[in-house]
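Worksheet for the structure shown next.
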Amino acid sequence: MKSINRLIVALVFLAFAAQAAAAEIKVLCSNGLRAVVEDLVPQFEQKTGNKVVLKFEPSTQIQKRIEAGEAFDVAVMTTALVDQEIKAGRLAADSRTIVARSGLGLSVRAGSKKPDIASVDAFKKALLSARSITYATQGASAAPFEALVTKLGIAAQVKPKYRLRDTASQVGEVVADGTAEIGVAPVSEILPVKGVELVGPFPGEIQSYVVMTAALNARGQERGAAKGFVDFLVAPANLPVIKAKGMER
């Protein structure tokens, strides 16, 4: 009986020790990588015993949180913003890790006719023919899309059609309910949205990529666990998940 009691005590002690050793990793993650992270986090937690606390927002909003001094362990943003925060000393330069990239694409309401965008001329025609167009003003696709329509010489014609929203999720909503005929967003932020369908990525000659990069808080408390989380995201075994969510390494 005494040996059984000792065994029970030992097991309880080990359980408490494991719980004490588990880390809580606070991750500020761009919406551009949301579908990938939501798929992989349960696997990471099961494998390591660590808990991941996630906040998803556009990269620009994450940068504001970092600059305001919010506690976090890992930030995933567009590369340019990560580099800005490394230069400012808020992110650790030696932890900078490119996770994945997504090309820009067009979306339409599910079940509606998809325009031809196989060539640059067809893409241009699709934008000119659309009754309304939406994209996220706070998202990483805004600047390259605005530059593209200027380059194509159609800015004056398409700007009156804009039905702009703040985030890509809001873009998906207005495409799904028919408020906007065409949505512009990274492919990775189109595929998960219910009620919309991907028309396709931009033609290769005019494609722009949104690159998601991770880095650790330069003064974070869970650096070992945080690094393990980033390493897990980029592990070769997880490449199929990245591809399935409309991204590439």
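Per residue, the convex hull spanned by the Cα atoms of the chain measures out at 151 cubic angstrom.
Each Cα pair of the range 53-191 feeds into the Kirkwood radius, which the Stokes-Einstein equation turns, at 10 °C and 1.306 mPa s, into a diffusion coefficient of 96 µm²/s.
Between GLN207 and VAL120, the distance separating the two model label sites (each 7 Å from Cα on the Cα→Cβ line) works out to 1.5 nm. Working value for the range 119-249: equivalent-ellipsoid semi-axes of 32, 16, 15 Å, each the square root of 5 times a Cα gyration tensor eigenvalue, largest first.
Here is how the number arises for the chain: DSSP H runs of 4 or more residues each give -39500 (n - 2.57), the sum is divided by the residue count, and the result at 222 nm is -12500 deg cm²/dmol. Listed by chain and number, the aspartates and glutamates placed with their C-alpha closer than 17 angstrom to that of LYS125 are ASP116, GLU146, GLU181, GLU205; residues fewer than eight positions away on the same chain are left out.
Each Cα pair under 8 Å and six or more residues apart adds its separation to the average, and for the range 102-209 the resulting relative contact order is 47 percent.
Excluding GLY228 itself, what net charge comes from residues whose Cβ is under 12 Å from its Cβ, given Lys and Arg +1 and Asp and Glu -1?
Charge balance in the 12 Å sphere: -1.
Helix 2-21: angle to the longest alpha-carbon principal axis of the chain, degrees 0 to 90, nearest 10? Tilt of helix 2-21: around 40 degrees. Here each label is just a point 7 Å from Cα along the line to Cβ, and for ASP231 and ASP177 those points are 4.6 nm apart. Between the C-alpha center of the range 102-125 and that of the range 153-223 there is a gap of 13 Å. Applying a threshold of 20 Å to the alpha-carbon distances of LYS124/LYS161; LYS113/LYS159; LYS47/LYS243; LYS151/LYS243; LYS64/LYS87 flags LYS113/LYS159; LYS47/LYS243; LYS151/LYS243 as lying beyond it. Calculated FRET efficiency, ALA80 to GLN157, Cβ-Cβ distance, R0 = 41 Å: about 0.90 to the nearest 0.05. Applying 0.36 nm per residue to the separation of ARG96 and GLU38 and subtracting their alpha-carbon distance, the gain on full extension is 18.8 nm.
The numbers here are math on the coordinates, done by the rules we state, and not lab data. All values reported here derive from a predicted model rather than from experimental measurement. In this analysis, Cβ positions are derived from the backbone assuming ideal geometry, glycine residues included, and neighbour counts consider all displayed protein chains.
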